[in-house]
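The next block holds one structure in the form of structure tokens; read it before the comments.
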Amino acid sequence: MGTDMSGASILDIQNLAVEIPTDSSTLRAVRNISLELKRGQTLGIVGESGSGKSMTALALMNLLPPAAKRSAACINFDGADLTHATEQELASKIRGQRIGMIFQEPMTSLNPVYSIGRQLRETMTLHRKVSDADAQKRAIYLLEKVGLPDPASRLKQYPHELSGGQRQRVMIAMALMNEPELLIADEPTTALDVTIQAQILHLLQDLQKEFGMSMILITHDLGVVSRAADQIAVMYAGDIVESGKTADVLKNPRHPYTQGLLECIPGYQGAARKRLGAIPGIVPSMTGRISGCAFASRCPRAADVCKTDTPPTRELHPGRYFVCHEPEANAVEKAGAPDLAGVHARPFSGQPVLTVENVSIRFSVRRGLFGKRRPLQALDNVSLTLNKGEVLALVGESGCGKTTLTRSIMGLQQPDTGSVTLNGRHIGQLPPMERARMIQPIFQDPYSSLNPRKTIGEIITKPLAVHKLGARQEQREKARRMMELVGLPLRVFNSYPDQLSGGQRQRAAIARALVLNPEVIICDEPTSALDVSVQAQILNLLLDLRDELDLTYLFVTHDLSVVQHMADRVAVMYLGEIVECGNRDQVMSAPKHPYTHALMNSALSISPGESIPDPGLSGDFPNPMNRPSGCPFHPRCPIANQQCREQAPGPEIIDNTLVQCWKAKTAGSQLKS
Amino acid sequence: MTTNQAINESGLTPTTAVQEDNSLGLSPTMAALKRARSHYGLKIGLGILLVMAIFALFAPWLAPHDPYMQNLPMRMLPPVWGEGGQWQYLLGTDHLGRDYLSRLIYGARISMTIGIGAATVGMIIGVTLGLIAGYYGGWLDQAVNFLVTCQLAVPSLLLIMALVFVIGQSVTVVIFVIGATHWVFYLVVTRSATLRLREMDFVAAAHAMGCSKFQIAVKEVLPNLANQIMVIFTLEVAVAILNEATLSFLGLGIPSPIPSWGLMIAEGKQAMFFQPWLVVLPGIALFVLVIAINLLGDGVRDVTVTNRRN
Amino acid sequence: MLTFILRRGLMAILVALTVSFGTFALFHYATDPAQTIAGEDAPQEMVDEIRKQYGFDRPAAVQYFDWLGSALTGDFGESYFWKQPVVQLIVDHAPVTITLALASLCVTVLIALPLGISAALKPNSWVDRFALSTAVSAQAIPNFWLGLMLIILLAVTFPIFPVSGDATWRHFVLPSLVLGASSVPAVMRLTRTGLLDVLSSDYIRTARAKGFTGYRLIVQQAMRNALLPIVSVLAVQLGNKLGGSVVTESVFSMNGLGRLAVESIFNSDIPTVQSLILIFVLTFVLLTLAADLINAWLDPRIRMG
């Protein structure tokens, strides 16, 4: 979009469009966007799923799927014309040589049948006349740079021998083999855990400075982009709706979509428990032409002209654009803004409804028919209390035992030792039917939690039918009331899950969980599969329902901004143990366990101008099959000593917070310095 | 195919993209029917199959002659377009003077009965074992897997022949023997689909609402397998029909004088250098029937497989 | 790697034992070998005498292990019908079947792989459509009938090849075509979908982003992954061809193991049928084992278990 006076541009895109012909119509994934990137800078492209951001990235080097068609007035990369370059020219001169690329899925992005070494070396030998030995040297050098210990022996390994974080490091090293001038990172950390995400982003930032690269960072995470990007472009429905300097756009958003998006982020505007702003409706159809503004159907300020005319691109000042009919659009004076007043703050009785006492679960995992059985300690002496009416957040990285814990709480997994009691009754001895009326789950993926062969009505009435509560007609009546309660339109009663959007599906799942009037709801990452604008709707709904129905939530999540927004208390898990548990503010602002500390450090809130913090953890999340001796966290702990390596610490209560750490009393001050 | 892949890669599923907040997409059945209407293979297959099914069902009324009636003076008549053909015997007669068209029409009956019968027997065995292996897992799964390995290792035609020979030749025996040796495909697909479905959250939700394992397997998992099982069923019908024809051709299937197409080819083989139609006609009938079933099966698969997430 | 081979080998032995026991039990309980040897009209005393002489009156398990014990030493007993050692029969008939199976595998590979690969490289093109319709048709043609048609066309109407027999290489042309055609649909479809899957995978996108394109992309990046399912299916098909030779050898009157099996069944020649099934199973198991080993060599994930 035009030119800025300062700095030379390395990439200039004019009117890029990507279309995918389908059987009946054409899917317009990217609609005539223009972008500019200056040498040495980072451009963040943000958008929700389906906004066309990844297609934009793939279109630059024409890596689109075969059916997709790309068109552009100009794609100028440092003097090279990428618009008219042939496949052969792109492959031999640009891809992997001058522009490197990292993808979202580290688990599948490396060729499984070739060694890491071969995949690194060939990137270089393909483009340059270098010997294998020289390429090997470069590979070792880069693996060291990206923080993989013992790089020479890594080269002989195969992708499946590495963890997700390690593979993403290899991907980065691979992209850097030929010292590219531009690095495109497409959601490079979305598939990774929080602490690993921070490590990788931190690494990318360092490498960019060291090698003087320019970077395009594609992400859905405004927190990531706020810290990592100099420039930002916000995409919606295949179009760039707003762009400019990161701090400027995020602090002073002009487009109603950007404004709405920022209001959806828990903890960004206003205090915890305030209703989040939510963008109503869903993204419009990407097939065919959109008349008027693509956002008009969801825009709180849409006027008649928005529905008919294409909005103009307005230049606020050089390098700062937004696309809207309203010239003086401003976040402060918006009409019909969501109600920010409804603060959810409510005393709770504090009576424990659910108690987990010293629960341990050990699986024995066997590989193949004749493989050796190996123990896996999924839960190690876990104790937890859930009080009536509260929201207890359970936080931890994948593989830490969260799922096993929730399964044992729901009585779906018998603990080896210890007990789970629900309202004073042992859960293992409760008949399944009775248990079901006390405790119900809500799951992460709304595409997997509803049976695709059943209608929404059948799904919501199913628990009543299983429990034989009321006549058929009463059951349907109750289901309808539930649908109203969770904000599902009644006309979807006879629809199938496939016909609903992700948000609607999650509402149906909530209705099913509530129809038996349970006291306790286990929310297992209920919003992590949803876009941020839908997440806001669901979080609002969950807090409303809690007030209305007097519910108690165990809220499993990895998203610390959601924890900040939802939780009264927080429990942090690491390798099957609860390492810290206490009031939200205490745990989050003054963590006592070094792991909690690192976790909080890795949380990337929206803070333009701040850099990506180094979580200060060494290494990866260990394989639960090889549990470290002593304190399970010691191999990654920055302050571990001899005692930590040899003896496992027991739980200890300090300032009303439960901690399992030898150095809990001093950790806070030690880690800050 | 590629278009779908492209859309999947773009992260834009047409269903989510097409949906407006206030207008719902089609229900799965309606969507499948809509796709079916523009699927040529499926329509052709279904059309041919319907015609042949009508002939098979109404054979006594549609066949011009009794298929068993021998008329030795009229033996080895060529079809009506051949030299010496007679309108009375449209497709000629065989070595015993039986009307070839009538035998072909009745043969459709035999083929379809055996195809559907054997595919049903195989389905019952395979789906049950697949559900058990996939849903209950553990040693049951390993036992079933071992059974599959054994079944695959045996040369199935030889086994079928030996079984038929030992038990005795009849339509029922052929149905059960072919069915009992063609369940692996059902099992493999049922098992892997069940393994995938077992991990789905709606199964966990059913557990959490107090359903028993058996209830879940039958009421939650099984309905999701229906489409895939239907596709395999059609393809297995075709396989069973070909198997029966082969068996009868080798003389170890349907006993004479029942008009099985395979048997007719075997009988015609003696005279095939001079009266090739005796071999050509039943072969064409087999080919058309089997290709129609396969087109239908492939079509049903194309039409019911959706672009669903996961 | 060694444990992998051992594990797979153990499995193979287990399968062979189970199947051979199954066939043994089948014949043991369903037929009366003494009656067979004596003949249909033999007097009861003679049948009883034979039963005793051959040891058919012993418990089934004893007889099975007796037979198995001899089989392990290479003694498969004597044919009731041909009255000569089964081993001799098998050695006499095996070359025809082995030649036929290998030749037809070549036919399959030469047709199915090029078709499947070109279909996958240009999906929805005319090559793709041609390949798919070939597969659909080939799947629907009764194999024995295809043989008869080829005989009528290429041996009688245009006498290019002999009608039947197995004396010269010319005798093997038509049977190999017929038997080879039967595996084309399966192998072609698998090649096509396998390669399509690989080509749409994330790592191929990575390779393209690294600068790979054209034949380098296919040969240096995609081929090895795409080969894995093809190796498995070829092993299975080669195994099936041994069983499939039953039909082809009958149609073309070739003196191979398949025809031997059919005739043995017709004559209740239990030792021969049983030994043949054991041989077929063992061959199949060994072939799949070999395929697994090749795949383990190709794919580190299998190799490292």
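The values are calculated or read from the model by the stated rules, or taken from the named source; none is laboratory data. No experiment lies behind these values; they were computed from the predicted model shown. Every residue, glycine as well, gets a Cβ built from its backbone with ideal geometry; the counts of neighbours run over all protein chains shown.
Test C:Leu146 against the stated conditions and say whether it is within 11 Å of chain B (Cβ to nearest Cβ), modelled with pLDDT of 90 or more and surrounded by fewer than 17 Cβ atoms within 10 Å (Cβ to Cβ).
Judged against the criteria, C:Leu146 is not a match.
Consider only pairs whose beta carbons are under 9 Å apart and that are at least six residues apart or on different chains; among these, list those whose first residue lies in region C:230-249 and is within 26 Å of C:Asp197 (Cα to Cα) and whose second residue is surrounded by fewer than 22 Cβ atoms within 10 Å (Cβ to Cβ) and among the acidic types (Asp, Glu).
Listed by first residue and then by second, the contacts come to C:Val231/C:Asp292; C:Ser232/C:Asp292; C:Ala235/C:Asp292.
Would you list the helices (runs of 4 or more DSSP H) that sit entirely within region C:195-305 and hold 1 or more residues that are away from chain B (no Cβ under 14 Å)?
In region C:195-305, the matching helices (runs of 4 or more DSSP H) lie at C:202-210, C:223-251, C:270-298, C:300-303.
Tell me, yes or no, whether region C:142-152 has at least one residue that is within 21 Å of the chain's Cα centre (by Cα), outside any helix (DSSP H, G or I) and without any contact (Cβ under 8 Å) to a residue 40 or more places away in the chain.
yes
Give me a count of the residues in region A:473-488 that are within 14 Å of A:Leu541 (Cβ to Cβ) and either without any contact (Cβ under 8 Å) to a residue 24 or more places away in the chain or buried (at least 20 other Cβ atoms within 10 Å of the Cβ) (or both).
The qualifying residues number 5.
With respect to C:Ser137, is the statement that it is surrounded by 21 or more Cβ atoms within 10 Å (Cβ to Cβ) and either closer than 30 Å to C:Leu278 by Cα or not aliphatic (A, V, I, L, M) (or both) true?
The answer is no for C:Ser137.
Do you know which of the residues in region A:523-535 that are in contact with a Lys or Arg (Cβ under 9 Å, 6 or more places away or on another chain) and buried (at least 23 other Cβ atoms within 10 Å of the Cβ) is farthest from the other protein chains (Cβ to nearest Cβ)?
Among them, the one singled out is A:Ser533.
Testing A:Gln231 on (1) within 14 Å of another protein chain (Cβ to nearest Cβ); (2) buried (at least 19 other Cβ atoms within 10 Å of the Cβ); (3) at pLDDT 90 or above, one condition comes back false. Which one is that?
(1) is the only condition that A:Gln231 fails.
Could you tell me how many of the residues in region A:611-642 are exposed (fewer than 13 other Cβ atoms within 10 Å of the Cβ) and within 30 Å of A:Lys245 (Cβ to Cβ)?
Selection size over region A:611-642: 1.
When the residues of region A:101-152 are narrowed to those that are of a type in the set (Lys, Arg) and over 23 Å from C:Met304 (Cβ atoms), which ends up surrounded by the most Cβ atoms within 10 Å (Cβ to Cβ)?
The extreme case among them is A:Arg138.
Filter the helices (runs of 4 or more DSSP H) completely within region B:170-284 down to those with at least 3 residues that are within 14 Å of chain A (Cβ to nearest Cβ), within 20 Å of the chain's Cα centre (by Cα) and not acidic (Asp, Glu).
Ranges flagged: B:222-250.
Taking region C:114-134 only, how many residues are part of a helix (DSSP H, G or I) and surrounded by fewer than 18 Cβ atoms within 10 Å (Cβ to Cβ)?
Looking only at that region, the number is 8.
Somewhere in region A:355-366, is a residue crowded, with 19+ Cβ neighbours inside 10 Å, closer than 22 Å to A:Asp193 by Cβ and touching a residue at least 12 places away in the same chain (Cβ under 8 Å)?
The answer is yes, given that some residue of region A:355-366 is crowded, with 19+ Cβ neighbours inside 10 Å, closer than 22 Å to A:Asp193 by Cβ and touching a residue at least 12 places away in the same chain (Cβ under 8 Å).
Can you tell me which of (1) free of Cβ contacts under 8 Å to residues at least 60 places away in the same chain; (2) more than 16 Å from C:Ile279 (Cβ to Cβ); (3) surrounded by fewer than 17 Cβ atoms within 10 Å (Cβ to Cβ) is the one C:Thr3 doesn't meet?
Failed condition: (1).
Can you give me the number of residues within region B:200-220 that are under 14 Å from A:Val466 (Cα atoms) and either touching a Cys at 6+ places or on another chain (Cβ under 8 Å) or among the charged types (D, E, K, R) (or both)?
Counting residues in region B:200-220 that are under 14 Å from A:Val466 (Cα atoms) and either touching a Cys at 6+ places or on another chain (Cβ under 8 Å) or among the charged types (D, E, K, R) (or both) gives 3.
Pairs needed: first member in region A:275-304, away from chain B (no Cβ under 14 Å) and closer than 15 Å to A:Val534 by Cα; second member anywhere, of a type in the set (A, V, I, L, M, F, W, C) and in a loop (DSSP other than H, G, I, E, B); C-beta distance under 7 Å; at least 6 residues apart or different chains.
Qualifying pairs under 7 Å: A:Arg275/A:Leu340.
Of (1) in a helix (DSSP H, G or I); (2) small (Gly, Ala, Ser); (3) surrounded by fewer than 14 Cβ atoms within 10 Å (Cβ to Cβ), C:Gly74 satisfies all except one. Which?
The number of the failed condition is (1).
Restricting attention to region C:200-221, which residues are crowded, with 23+ Cβ neighbours inside 10 Å and either of a type in the set (Val, Ile, Thr) or closer than 16 Å to C:Leu113 by Cα (or both)?
Residue satisfying the conditions is C:Thr206 alone.
Table: residues versus (1) within 14 Å of another protein chain (Cβ to nearest Cβ); (2) crowded, with 18+ Cβ neighbours inside 10 Å; (3) farther than 23 Å from A:Pro180 by Cα.
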| position | (1), (2), (3) |
| --- | --- |
| A:Ala8 | no, no, no |
| A:Leu11 | no, yes, no |
| A:Ile20 | yes, yes, yes |
| A:Val30 | yes, yes, yes |
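With the condition kept exactly as written, say whether any residue in region B:200-212 is free of Cβ contacts under 8 Å to residues at least 24 places away in the same chain and charged (D, E, K, R).
Yes: one or more hits.
I'd like the residue in region A:390-442 that is assigned to a helix (DSSP H, G or I) and free of Cβ contacts under 8 Å to residues at least 24 places away in the same chain and, out of all such residues, is surrounded by the fewest Cβ atoms within 10 Å (Cβ to Cβ).
A:Glu434
Confirm whether C:Leu72 is within 30 Å of C:Arg192 (Cβ to Cβ), away from every other protein chain (no Cβ under 14 Å) and either in contact with a Cys (Cβ under 9 Å, 6 or more places away or on another chain) or of a type outside the set (Val, Ile, Thr) (or both).
When the stated conditions are applied, C:Leu72 does not pass them.
So is B:Leu140 in a helix (DSSP H, G or I) and crowded, with 18+ Cβ neighbours inside 10 Å or not?
It is false that B:Leu140 is in a helix (DSSP H, G or I) and crowded, with 18+ Cβ neighbours inside 10 Å.
Give the residues of region B:72-95 that are more than 15 Å from B:Met272 (Cα to Cα), more than 30 Å from the chain's Cα centre (by Cα) and either among the hydrophobic types (A, V, I, L, M, F, W, C) or surrounded by 15 or more Cβ atoms within 10 Å (Cβ to Cβ) (or both), sorted by residue number.
Answer for region B:72-95, where residues must be more than 15 Å from B:Met272 (Cα to Cα), more than 30 Å from the chain's Cα centre (by Cα) and either among the hydrophobic types (A, V, I, L, M, F, W, C) or surrounded by 15 or more Cβ atoms within 10 Å (Cβ to Cβ) (or both): B:Leu72, B:Met74, B:Val80, B:Trp81, B:Gly85, B:Trp87, B:Tyr89.
Looking at A:Leu183, A:Leu203, which one is assigned to a helix (DSSP H, G or I) and either surrounded by fewer than 24 Cβ atoms within 10 Å (Cβ to Cβ) or free of Cβ contacts under 8 Å to residues at least 12 places away in the same chain (or both)?
A:Leu203
Is there a residue being aromatic (Phe, Trp, Tyr), crowded, with 23+ Cβ neighbours inside 10 Å and within 22 Å of C:Lys122 (Cα to Cα) anywhere in region C:267-283?
No: zero hits.
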